[in-house]
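Asker: Following this message is one structure expressed as structure tokens.
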Amino acid sequence: MGGLGRVIQVLTLAAVLGLGSPIAAANDLRTQLDIRPNNQTAGLSRDTADQLMRLGGNQQAAGNYQAAISAWTEASEIYHEIGDMAALGIAYDYIGLTYGQLGQYLEAEDALRRRLAIARDNSDFQGQIFGWNNLGSLFIQRGDVRLAQTAFREGLTIARSLNSYKGIGLSLSNLALGAASRGNAQEAIKLYEAAINYRFQAGDRLGEANTLNGLGDAYRSMARTSDAIGAYQLALRSGRELGDRAIQLRAIDGLLAIYLNQGDVQNAPSLLNQRVALTTEQGDQWQRLKTLRLLGEYYEKVGSPELAMNFYEQALELAQALEDSQQVVFLNNRLLDLSSVAPL
């Protein structure tokens with residue numbers, strides 16, 4: 001049985017036995033985090049900090065990253081004042097990873113190293129596992145795969161010493177991402193498949209879905225199209241069940257990359273409709289831009305240049321507003337090429 005066949009067999013068995021209860025929905029950023037602030041500390045200050053954490057989460061989900069960082073920073077100051085080091089560490093996680101998304105790597109590394117220091121000072125080994133993995137994720141973002149792999153291995157060593165299935169699964173999945181970043185898809189596939197088993201045993205359905213998306217990417221890079229489709233479909237199903245928009249979008253994009261490349265005009269429309277539904281009512285303009293671009297690519301593939309140009313023009317207007325120079329160049333080139341074939 002192939003790699004994905006083993007994965008499907010394990011997940012099907014889980015469904016039959018009723019194992020792995022659903023966990024709360026979380027966006028892609030939060031999958032790197034271990035715990036939420038507990039609510040045992042009483043008082044108005046603690047309530048205010050918790051509200052600020054939730055506000056930051058809502059702002060991040062809407063693509064308002066600076067506003068999210070501001071809310072989490074204010075929360076971190078309160079947690080520091082009341083001495084809640086566990087909550088303070090988590091706030092630093094959110095701040096650091098979001099700075100990383102913005103490309104502000106010095107600020108990101110400072111926040112994540114503060115988080116790791118808190119975990120060490122408090123002998124919080126679970127916090128150290130996730131602290132190392134978050135730091136490694138930042139190194140991946142800035143293109144330093146060697147440092148990233150070292151950080152992920154640190155996390156894996158601690159996780160294995162604790163026999164933490166959740167930590168082992170996260171660390172293996174991140175090591176797979178590092179292998180994929182180095183162009184070693186075969187190693188990535190082996191690591192992802194191992195990670196899925198640990199995430200399943202930990203009942204970490206959200207992590208399992210993220211690993212399935214990574215596995216789909218690795219299969220696709222090896223032209224194992226059927227396996228890739230299977231992995232993405234499993235991830236998409238989990239994303240729906242968990243109500244996690246980021247998981248669903250990533251799986252949809254993986255499937256669309258395959259179907260649009262194949263010129264599949266039967267499966268692509270349903271996925272595009274799902275992407276439109278997931279992004280239309282959200283405030284994340286970056287995802288809306290991607291939806292418009294994909295719609296343009298689809299109509300270009302099916303030979304409808306006028307509709308393709310319409311969506312590309314909408315995407316161009318949004319890309320200019322977001323000051324995304326790469327997308328502006330790409331979209332201008334597509335419009336230029338299509339203008340020569342579209343009827344007057």
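Asker: Restricting to DSSP H runs of at least four residues, report the calculated mean residue ellipticity at 222 nm for the chain, -39500 (n - 2.57) per run over all residues, nearest 500 deg cm²/dmol. Could the numbers behind the result be given before it?
Answerer: On the way: 16 runs with 270 residues, N = 344.
That calculation yields -26500 deg cm²/dmol at 222 nm.
Asker: While we're looking at this one, here's another question. Residue separation times 0.36 nm, minus the C-alpha to C-alpha distance between Glu306 and Ser70: what's the value? Provide the component values of the computation, followed by the final result.
Answerer: Values: separation 236, 0.36 × 236 = 84.96 nm, distance 4.30 nm.
Full-extension gain reported as 80.7 nm.
Asker: Any idea what the relative contact order of segment 285-344 is, in percent, if you count C-alpha pairs under 8 Å spaced at least 6 apart?
Answerer: On the way: 49 pairs, mean separation 19.0, N = 60.
Value for segment 285-344: 32 percent.
Asker: Which angle between 0 and 90 degrees, to the nearest 10, do you get for helix 268-280 versus the longest principal axis of the chain when only C-alpha atoms count?
Answerer: 50 degrees
Asker: Fully extended, how many nm does the chain gain between Leu102 and Arg182 (0.36 nm per residue separation, minus their Cα-Cα distance)? Before the final figure, lay out the partial values.
Answerer: Numbers: separation 80, 0.36 × 80 = 28.80 nm, distance 2.27 nm.
Between Leu102 and Arg182, full extension yields 26.5 nm more.
Asker: I need the shape label for segment 127-219. Rule: rounded when a/c is under 1.5, else prolate if a/b > b/c, else oblate, with a, b, c from the alpha carbon gyration tensor. Please list the in-between numbers first.
Answerer: Details: a/c = 1.80, a/b = 1.08, b/c = 1.67.
Oblate, because a/c is 1.5 or more while a/b does not exceed b/c.
Asker: Straight-line reach only, C-alpha to C-alpha below 16 angstrom: list the lysines that Lys190 could link to, leaving out same-chain residues fewer than 8 apart.
Answerer: Cα-Cα hits under 16 Å: none found.
Asker: At 0.36 nm per residue, minus the direct Cα-Cα distance, what do Ser45 and Glu317 gain on full extension? Give it in nm, one decimal, please.
Answerer: Working: separation 272, 0.36 × 272 = 97.92 nm, distance 4.33 nm.
Here the segment from Ser45 to Glu317 would lengthen by 93.6 nm.
Asker: Would segment 260-344 count as rounded, prolate or oblate if I go by the C-alpha gyration tensor, calling it rounded below 1.5 in a/c and otherwise prolate when a/b exceeds b/c, oblate otherwise?
Answerer: Details: a/c = 2.06, a/b = 1.05, b/c = 1.96.
Verdict is oblate for segment 260-344.
Asker: Mean separation of Cα pairs under 8 Å and 6+ residues apart, divided by the residue count of the chain: what relative contact order is that in percent?
Answerer: Numbers: 474 pairs, mean separation 42.8, N = 344.
Computed over the chain, the figure is 12 percent.
Asker: Would you mind checking the tilt of helix 145-162 against the longest principal axis of the Cα atoms of the chain, expressed as 0 to 90 degrees and rounded to 10?
Answerer: With rounding to tens, the tilt is 50 degrees.
Asker: With axes computed from alpha carbons, what is the tilt in degrees of helix 105-121 against the longest principal axis of the chain, rounded to the nearest 10 within 0 to 90?
Answerer: Taking Cα atoms only, the helix is inclined about 30 degrees.
Asker: Fewest first, what order do Phe152, Phe125 take by the number of other Cβ atoms within 10 Å? Could the numbers behind the result be given before it?
Answerer: Working: Phe152 27, Phe125 15.
By the 10 Å Cβ count, ascending, the order reads Phe125, Phe152.
Asker: Taking the Cα centre of segment 50-188 as the origin and placing charges on Cβ (Lys, Arg +1; Asp, Glu -1), which of Ala148, Ile82, Gly100 is farthest toward the positive end of the dipole?
Answerer: Value computed over the given set: Ala148.
Asker: For segment 87-174, rounded, prolate or oblate, judged on the Cα gyration tensor with a ≥ b ≥ c (square roots of eigenvalues), a/c < 1.5 rounded, else prolate if a/b > b/c? Mind dumping the intermediate values first?
Answerer: Working: a/c = 2.14, a/b = 1.26, b/c = 1.70.
Oblate.
A short reminder: the numbers here are calculations on the coordinates, not readings from a lab. All values derive from a computational prediction rather than experimental measurement. Cβ: placed from backbone, ideal geometry, glycine included. Neighbour counts: every protein chain shown.
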